[in-house]
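> Have a look at the structure that comes next, please.
The values are calculated or read from the model by the stated rules, or taken from the named source; none is laboratory data. Fair warning: this is a prediction, and the values are worked out from it, not measured in the lab. Cβ placement follows ideal geometry from the backbone for every residue including glycine, while neighbour counts extend to all protein chains displayed.
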């Protein structure tokens, strides 16, 4: 490629990445503003939580009738990036936005990253098709849409860029989309902030020197993080699998899931586990008396909400799970709770989404440089210990986590049904792991 061609390509990515960033940032700003209003309204009218099953019934009917083309959610986005599938319907953006806000108005335990990623991808793909972009350019721009949505909704532009490159293939960074993803994420974050959105400020993690003893403690810490991540993934998928098996109609599944959340809410006697749960996340950094069971309750609330079909995402609820669990384990291991909460906040989602680099960076952007190098160690270990599972079953696998090379890039949902045991171990010989029509529950949020 000549210098002139390089300059032309860079200019193209600056222009396209900026356009995507503005769209993603504006969409995230609107979404976050609505989410704040929805949360405040619910907190002022807690009796609305009793109507969560009714809201689920109504949303389920609407999605069943009008949402079939966008059923896959975030998994549809990943599949489209890989397979050059049909245009992601533009309706995904308003439908997932409205659905997530309604989930939060009525007390569902869900997050916001799924919504931001899906809005960013659908808006980006609309632009790609209007401009008639080539296949490889469209693929790179979709990754930029994911990055722009993620970075702008959390106020973490560098982590957003890396997430857009890392989430697509397990264990591999898609560097070909680096320039547009970085531009989209940075511009998206700037746009969201320019529109008056302020992100949650988490307490800073203290700087603690790394010692051999502390490394050993982080190894134990990582085991707990990996177990929590595994429990969340398996429970969420179990809820969805069994729901689809016994209750074929989405509206009824969502109504039953909503009723289960209402029952749990009344049993535990607090609203701490509804919605995002940001106050408890902040409390995990500061309260040495935070009960040990808090993380488990949030995990169950979220698995039921998301698994039954309600819209939203998993990042912020898993921040809750990770921060609460990290705070408790830090107390047991003699680690400052601010550091344990900050590392746990990032590591549970890192293991659940197979994105250890993005979440290590995100921890630094959220809680400061004191998280290094501790968060990198824990995210990497938890990623390995979590096995070949993900909240995004459409993630592709090119190489097993322990080094086994697959004969071809395969969707995680397909590979898991026929994977060879030796693919889990270092030095294993790759085997053909192609699957037929095996299905794993899609991530709708």
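> More than 23 Å from the chain's Cα centre (by Cα) and either crowded, with 24+ Cβ neighbours inside 10 Å or modelled with pLDDT of 95 or more (or both): does that describe residue 311?
On the way: more than 23 Å from the chain's Cα centre (by Cα): no; either crowded, with 24+ Cβ neighbours inside 10 Å or modelled with pLDDT of 95 or more (or both): yes.
The answer is no for residue 311.
> So residue 40 clears everything in (1) in contact with a helix residue (DSSP H, G or I) (Cβ under 7 Å, 6 or more places away or on another chain); (2) without any contact (Cβ under 8 Å) to a residue 40 or more places away in the chain except one condition, right? Which one?
(1)
> Still on this model: Within the stretch 58-79, work out how many residues are surrounded by fewer than 21 Cβ atoms within 10 Å (Cβ to Cβ) and at pLDDT 90 or above.
Of the residues in that region, 6 qualify.
> Can you find a residue in the stretch 175-190 that is closer than 19 Å to residue 358 by Cα and exposed (fewer than 15 other Cβ atoms within 10 Å of the Cβ)?
Looking through the stretch 175-190, at least one residue is closer than 19 Å to residue 358 by Cα and exposed (fewer than 15 other Cβ atoms within 10 Å of the Cβ).
> Could you grab me the full set of residues in the stretch 370-406 that are surrounded by fewer than 22 Cβ atoms within 10 Å (Cβ to Cβ), under 19 Å from the mean Cα position of the chain (by Cα) and assigned to a loop (DSSP other than H, G, I, E, B)?
387, 388, 389
> The conditions are (1) in contact with a helix residue (DSSP H, G or I) (Cβ under 9 Å, 6 or more places away or on another chain); (2) farther than 24 Å from residue 354 by Cβ, and residue 213 fails exactly one of them. Which is it?
Condition not satisfied by residue 213: (1).
Every residue, every condition in (1) in the same structural domain as residue 130 (by TED's automatic domain parsing); (2) in contact with a strand residue (DSSP E or B) (Cβ under 6 Å, 6 or more places away or on another chain); (3) farther than 21 Å from residue 176 by Cα; (4) part of a helix (DSSP H, G or I), yes or no:
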{"position": "20", "(1), (2), (3), (4)": "yes, no, no, yes"}
{"position": "57", "(1), (2), (3), (4)": "yes, no, yes, yes"}
{"position": "62", "(1), (2), (3), (4)": "yes, no, yes, yes"}
{"position": "72", "(1), (2), (3), (4)": "yes, no, yes, no"}
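> Of the residues 333, 318, 325, which is in the same structural domain as residue 243 (by TED's automatic domain parsing), surrounded by fewer than 24 Cβ atoms within 10 Å (Cβ to Cβ) and at pLDDT 95 or above? Spell out the reasoning first.
Values: 318 fails: surrounded by fewer than 24 Cβ atoms within 10 Å (Cβ to Cβ); 325 fails: surrounded by fewer than 24 Cβ atoms within 10 Å (Cβ to Cβ).
When all the criteria are applied, what remains is 333.
> Can you name the residue in the stretch 136-164 that is surrounded by fewer than 24 Cβ atoms within 10 Å (Cβ to Cβ) and at pLDDT 95 or above and, of all such residues, is nearest to residue 29 (Cα to Cα)?
Top of the filtered list is 155.
> List the number of the failed condition for residue 55; all other conditions in (1) crowded, with 19+ Cβ neighbours inside 10 Å; (2) modelled with pLDDT under 95; (3) more than 17 Å from residue 129 (Cα to Cα) hold.
All conditions pass for residue 55, except number (2).
> Quick check, is residue 38 at pLDDT 95 or above and either assigned to a helix (DSSP H, G or I) or more than 23 Å from the chain's Cα centre (by Cα) (or both)?
Values: at pLDDT 95 or above: yes; either assigned to a helix (DSSP H, G or I) or more than 23 Å from the chain's Cα centre (by Cα) (or both): yes.
When the stated conditions are applied, residue 38 passes them.
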